[in-house]
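Asker: Structure provided below as structure tokens; questions to follow.
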């Protein structure tokens, strides 16, 4: 969907499936023939400050750990990009204390400041971009991949995985030959 933009506030559309959610990554891992991860590496949070001290604590935590929190959630489609900011849930009465969203490492959750929050998604973020990442985007239905892309990408993922497996077998055989030769 093309995002229109102009004056006014940003409007959100449908909720999106997080391609890094632990459940999507598990499904993608199984499709690739990998052992799925069991524990999240990160959590996507909705932080709900209700007083000025909460906002200050969140800013300090984010600065200390290098995190970014934003009023606009990334798990919703943006249907209109306004120049007047974003009002969560269309509610202007509590404009000073609006929810903020962000992802933090799982290990940092135990040291999170005492600010009300909810876990939107436990996530697994691979340390680098892999076929698992691409497959997770396909499984999640991300707009970057349509159903036509899925029909194209999944066979490629399988081909790459099979080629990798065959290469590993070939390398093992070469190593055995080399050891026997030595």
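Asker: When you look at residue 65, is it closer than 27 Å to residue 127 by Cβ, modelled with pLDDT of 90 or more, under 19 Å from the mean Cα position of the chain (by Cα) and surrounded by fewer than 16 Cβ atoms within 10 Å (Cβ to Cβ), yes or no? Talk me through it step by step, then tell me what you get.
Answerer: Working: closer than 27 Å to residue 127 by Cβ: yes; modelled with pLDDT of 90 or more: yes; under 19 Å from the mean Cα position of the chain (by Cα): yes; surrounded by fewer than 16 Cβ atoms within 10 Å (Cβ to Cβ): yes.
When the stated conditions are applied, residue 65 passes them.
Asker: So, one more: Exactly one of (1) under 15 Å from residue 46 (Cβ atoms); (2) at pLDDT 80 or above; (3) touching a helix residue (DSSP H, G or I) at 6+ places or on another chain (Cβ under 8 Å) is unmet by residue 109. Its number?
Answerer: Against the list (1) under 15 Å from residue 46 (Cβ atoms); (2) at pLDDT 80 or above; (3) touching a helix residue (DSSP H, G or I) at 6+ places or on another chain (Cβ under 8 Å), residue 109 comes up short only on (3).
Asker: Exactly one of these conditions fails for residue 59: (1) over 18 Å from residue 119 (Cβ atoms); (2) modelled with pLDDT of 90 or more; (3) crowded, with 16+ Cβ neighbours inside 10 Å. Give me its number.
Answerer: Condition (3) is where residue 59 drops out.
Asker: Starting from residues that are in contact with a strand residue (DSSP E or B) (Cβ under 9 Å, 6 or more places away or on another chain) and not in a strand (DSSP E or B), keep the ones in segment 25-52 and report whichever is surrounded by the most Cβ atoms within 10 Å (Cβ to Cβ).
Answerer: Taking the candidates together, the pick is 25.
Asker: Which one of the conditions (1) within 19 Å of residue 121 (Cβ to Cβ); (2) at pLDDT below 90 does residue 32 fail to meet, given that it meets all the rest?
Answerer: Condition not satisfied by residue 32: (1).
Asker: If you don't mind, there's one more thing I want to ask. Which one of these is modelled with pLDDT under 90 and more than 13 Å from the chain's Cα centre (by Cα): 47, 9?
Answerer: 9
Asker: Going through 114, 93 one at a time, which residue ends up being modelled with pLDDT of 90 or more, surrounded by fewer than 10 Cβ atoms within 10 Å (Cβ to Cβ) and assigned to a loop (DSSP other than H, G, I, E, B)?
Answerer: Numbers: 93 fails: modelled with pLDDT of 90 or more.
Unique residue meeting the criteria: 114.
The values are calculated or read from the model by the stated rules, or taken from the named source; none is laboratory data. In this text the structure is predicted, and so the values were computed from the model without any measurement. Please note: Cβ atoms are built from the backbone with ideal geometry, for glycine as well, and neighbour counts cover all protein chains shown.
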